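Each value in this text was obtained by applying a stated rule to the coordinates, not by laboratory testing. Since the model is a prediction, treat every value here as computed from it, not as a measurement. Using ideal geometry, Cβ is built from the backbone for each residue, glycine included, and neighbour counts are taken over all protein chains shown.
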Amino acid sequence: MELKIANDTENSLLNRRELEFYITGYEATNSKADAKRELCKKLNLSPDNTVIVSLNQEFGMRRSTGIAHSYSSAAELARVEPKFIIERMKKSEGAKEQPKASEDSKE
């Protein structure tokens, strides 16, 4: 997976960084959890204070475009972002972790 930052804007009014990025995947469609992990690793962001707002796969291509917000604190994230986006990120991260736990229990 290759991640490129298209736009990185500091929004001081909402205490966040607004990021636009492209991800080129080589095998399957990228998940939001994978995109968040790569973005946080590349830019040294806190995963607890970062949320992927949208991730769209381009038709006929292996490239996805996305928008992310990274806040200065978890309190700012909870204050500004809509609750459904926060819940969606928790659900996508939880679904990604559950198969790993079930694989360990089979052994």
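Could you pull out which residues in region 40-76 have an amide N less than 18 Å from a spot 7 Å beyond the Cα of Glu18, following the Cα-Cβ vector?
Residues 50-56, 65-73, 76 fall inside that zone.
How about region 1-70: which chymotrypsin sites (Phe, Trp or Tyr not before Pro) there lie in a loop by DSSP and see at most 11 other Cβ atoms within 10 Å?
Passing both the DSSP loop test and the Cβ count: Tyr26, Phe59.
Would you pull out the residues with amide H under 5 Å of Ser31's amide H, same chain only if 5 or more places away, H placed 1.01 Å from N?
Result for Ser31 returns nothing.
As an exercise, identify the GluC sites (Glu not before Pro) in region 6-99 lying in DSSP coil whose Cβ has no more than 11 other Cβ atoms within 10 Å.
Glu27, Glu58
Quick one: Karplus J couplings for region 12-17, per residue in order, coefficients 6.51, -1.76, 1.60, θ = phi - 60°, nearest Hz, x for Gly and Pro?
6, 5, 9, 6, 8, 9
Under a point spin-label approximation (7 Å from Cα along Cα-to-Cβ), what is the Asp8-Ser54 distance to one decimal in nm?
The modelled label-to-label distance comes out at 2.3 nm.
Which of the three applies to the chain, rounded, prolate or oblate, going by the alpha-carbon gyration tensor with a ≥ b ≥ c and a/c under 1.5 meaning rounded?
Oblate, because a/c is 1.5 or more while a/b does not exceed b/c.
Cα centroid distance between region 45-66 and region 68-86, in Å?
Distance between centres, Cα-based: 16 Å.
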